[in-house]
Amino acid sequence: MIKIIVNTPKGGVGKTTTATNTALFLAQSGYRIWAIDLAGGLLMSKALQKTPEFSAINSINKIDLRETEKVPNKFPGANNFDFAVLDTDDSFTVGADLLQGTRTSWRVLSPVNPHDNIGLQRIPKEIRSVATATYLSPSELKISIFANMAYGGDVIALPD
Ligand SMILES: Nc1ncnc2c1ncn2[C@@H]1O[C@H](COP(=O)(O)OP(=O)(O)OP(=O)(O)O)[C@@H](O)[C@H]1O
Ligand SMILES: [Mg+2]
């Protein structure tokens with residue numbers, strides 16, 4: 001089971017939107033999805049519960065709510081799923097958490113807002129810790145930082 005965790009240290013940039021759509025897209029593509037909601041508000045869960053892919057009685061997909069500020073380490077029953085998709089709050093410290101052990105088959109998605117000046121000053125620096133974790137981790141951990149195009153623009157001007 002591949003674990004996709006959506007996290008950035010910034011609120012309101014599209015983490016939940018990205019996690020929800022990633023889970024639904026993969027489910028619609030025929031993969032067995034374990035959606036794990038670690039974010040306050042449980043918006044991903046509420047959205048997925050309204051879809052036939054996740055609400056059908058005989059669904060192969062599962063929604064899981066976990067009240068924790070930590071990335072889970074154990075995934076009992078993981079063999080029943082192709083992907084776990086995890087939504088998080090910006091308070092999570094994914095880079096540090098992921099470095100604490102060998103975590104195989106992890107992927108991190110980090111949406112950023114290209115028109116957010118605060119984000120552009122702050123996020124590249126903060127994401128560095130996650131990116132560093134990615135490079136140093138002995139596991140297959142990978143990070144993808146991408147612009148959330150809802151906010152317009154297609155280029156992120158990173159500071160020198
Ligand atoms: N690609 C998009 N297209 C349209 N609207 C979007 C897109 N991405 C995000 N939004 C909107 O921006 C708002 C914030 O998105 P979202 O809740 O996914 O961010 P978040 O990072 O999960 O926020 P939080 O830190 O509060 O959990 C929402 O109203 C969402 O509908
Ligand atoms: Mg959210």
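Before moving on, here are some points about what is shown:
- Fully extended contour minus Cα-Cα distance, from PHE25 to PHE146, at 0.36 nm per residue: 41.8 nm
- Length released on extending from ARG66 to GLN49, taking residue separation times 0.36 nm less the Cα-Cα span: 4.6 nm
- Residues whose amide H lies under 5 Å from that of VAL85, counting only those 5 or more places away or on a different chain, are ILE4, TRP34, ALA35, ILE36; hydrogens are built 1.01 Å from N in the peptide plane.
- Full-stretch length increase - LYS74, ARG32 - with 0.36 nm per residue and alpha-carbon distance subtracted: 13.3 nm
- Shown in residue order for the stretch 14-30 are the 3J(HN,Hα) couplings computed by the Karplus curve 6.51 cos²θ - 1.76 cosθ + 1.60 at θ = phi - 60°: x, 4, 5, 4, 5, 5, 4, 5, 5, 4, 5, 4, 5, 5, 5, 7, x Hz (x for Gly and Pro).
- In sequence order, calculated HN-Hα J values of the stretch 31-44 (Karplus, 6.51, -1.76, 1.60; Hz; x Gly/Pro): 7, 8, 10, 10, 8, 10, 9, 9, 9, x, x, 6, 5, 5
- Taking amide H positions as modeled 1.01 Å from N, with prolines and chain starts lacking one, the residues under 5 Å from VAL108 and 5 or more places away or on another chain are ILE5, LYS142, ILE143, SER144.
Read-outs throughout are calculated quantities, based only on the coordinates presented, and are distinct from any laboratory measurement. Fair warning: this is a prediction, and the values are worked out from it, not measured in the lab.
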